[in-house]
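To start, the structure under review is shown below, and the notes come after it.
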């Protein structure tokens, strides 16, 4: 892929010519300070120009006005947030507000060297350099790996047909959007968040949509059964066909359509979207000898097993206050965990310990998901007209998780209730006349 336009005229961009890129760390741009000292200008290289990479670069610039910051992205697109890809972009919006895609000159103003269309193929922690696909090597004083995750593929026959798609990038979303048309038969593999958002968008565009899910209900990994039932009702009412307990075993590409072989029979489709989760892009770290385990292992500040290397966003498996390492595939971690990384790079501590939170929008309904969602929780339903809160209590009566339908105003008090960890009476929680803010 040819490199997209970068900050070619910017002084910082000019300063990373081949000689400077391969310089030993700590030796670039010496300048005299106010008292005659000659401090060193540090260089931080960030691999991955997605949301987490962008946030890390911008936050780091806000904390350190002098540091060199290089942001390397494999895509030709300037950094953007991914939530609109499965909703507004599919519905034809070119620049939805939630995309948060800044003009390339905004990076020039912030003195962030943005290099697009640049693939990194290796990290040498011994010499503190990254190797690009074109053979060029860039030295670093500190390195942030923000390579995110990729869509999980189907390991079955026929899955390499061009009519079998995934959705992870802007290019993926545009390619899918261009093919969605009235009457098109779309099969969606997976009834998780992305699969159902695509199904909702496609049915609005006049497609005939069938969702194939191995499990027994929608979004089973993150919501209780009562919420799954409501989401399924929305989809069925709109005309989406939902098939549960349905495993896709083979794909037979035919000239006129795809023949899908499943545990529940055969289905014909014009397109198949595979939405069965994501795989962290942790190969660069693994090959460099950095500890990985389904993601790059980090502490709460994003530090990896190597002192010069940090990880940000979905590729990081973060140590939580419980001592467990957890990897999150959410907008929240890409937006907020870089705060911890940027502070750690500057020698201060702002460990990431936020309550997990994510959301989905389907058929005009907003669903927000907070905290834990283990099967051992006792789920209580708190209804206020069309608004709904489903609260998950542990054996001691403490709220550990919640799901809100069209009831986002309760998110803030629920965060406080979950963080407090105090047992609360079931009757008060069930009574909609008792505002949750009174229970904080």
Meets criteria (buried (at least 20 other Cβ atoms within 10 Å of the Cβ), in a helix (DSSP H, G or I) and either without any contact (Cβ under 8 Å) to a residue 60 or more places away in the chain or out of contact with any strand residue (DSSP E or B) (no Cβ under 7 Å at 6 or more places or on another chain) (or both)) for residue 227: no
Hits in the stretch 65-82 (condition: more than 15 Å from residue 130 (Cα to Cα) and touching a helix residue (DSSP H, G or I) at 6+ places or on another chain (Cβ under 8 Å)): 67, 68, 75, 77, 78, 79, 80, 81, 82
Count of residues meeting criterion [outside any strand (DSSP E or B), without any contact (Cβ under 8 Å) to a residue 60 or more places away in the chain and either surrounded by 19 or more Cβ atoms within 10 Å (Cβ to Cβ) or not assigned by TED's automatic domain parsing to the domain that holds residue 324 (or both)] in the stretch 278-298: 1
Subset of the stretch 106-128 that is part of a loop (DSSP other than H, G, I, E, B) and either within 21 Å of the chain's Cα centre (by Cα) or at positive phi (or both) - its residue that is surrounded by the most Cβ atoms within 10 Å (Cβ to Cβ): 118
Residue, nearest to the chain's Cα centre (by Cα), within the stretch 181-204, restricted to residues that are in a loop (DSSP other than H, G, I, E, B) and under 19 Å from residue 360 (Cα atoms): 192
Qualifying positions in the stretch 414-437 - in a helix (DSSP H, G or I), in contact (Cβ under 8 Å) with a residue 12 or more places away in the chain and surrounded by fewer than 16 Cβ atoms within 10 Å (Cβ to Cβ): 416, 419, 420, 426, 430, 437
Residue 191 being touching a strand residue (DSSP E or B) at 6+ places or on another chain (Cβ under 9 Å), buried (at least 21 other Cβ atoms within 10 Å of the Cβ) and outside the structural domain of residue 329 (by TED's automatic domain parsing): yes
Exclusive hit being crowded, with 18+ Cβ neighbours inside 10 Å and touching a residue at least 60 places away in the same chain (Cβ under 8 Å), set 275, 250, 257, 238: 275
Residue in the stretch 81-94 that is outside the structural domain of residue 260 (by TED's automatic domain parsing) and closer than 28 Å to residue 308 by Cα present: yes
Condition met for residue 57 (part of a strand (DSSP E or B), touching a strand residue (DSSP E or B) at 6+ places or on another chain (Cβ under 8 Å) and at pLDDT 95 or above): no
Selection within the stretch 370-399 - assigned to a loop (DSSP other than H, G, I, E, B) and in contact with a helix residue (DSSP H, G or I) (Cβ under 8 Å, 6 or more places away or on another chain): 397
Candidate set: the stretch 139-164, residues that are closer than 27 Å to residue 296 by Cα and assigned to a strand (DSSP E or B); chosen: the one farthest from the chain's Cα centre (by Cα): 139
Selected residue (only one of 173, 178, 131 is assigned to a helix (DSSP H, G or I) and without any contact (Cβ under 8 Å) to a residue 40 or more places away in the chain): 178
Selected residue [surrounded by 13 or more Cβ atoms within 10 Å (Cβ to Cβ), under 23 Å from residue 82 (Cβ atoms) and in contact (Cβ under 8 Å) with a residue 40 or more places away in the chain] from 363, 328: 363
Positions within the stretch 205-218 being free of Cβ contacts under 8 Å to residues at least 40 places away in the same chain and either part of a loop (DSSP other than H, G, I, E, B) or over 22 Å from residue 261 (Cβ atoms) (or both), in sequence order: 206, 207, 214, 215, 216, 217, 218
Unique match (being under 23 Å from the mean Cα position of the chain (by Cα), closer than 18 Å to residue 440 by Cβ and not in a strand (DSSP E or B)) among 411, 344: 411
Which numbered condition residue 391 fails, given (1) surrounded by fewer than 19 Cβ atoms within 10 Å (Cβ to Cβ); (2) not assigned by TED's automatic domain parsing to the domain that holds residue 317: (1)
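The values are calculated or read from the model by the stated rules, or taken from the named source; none is laboratory data. These numbers come from a predicted model, not from an experiment. Quick reminder, even Gly has a Cβ in these numbers, built from the backbone with ideal geometry, and neighbours come from all protein chains shown.
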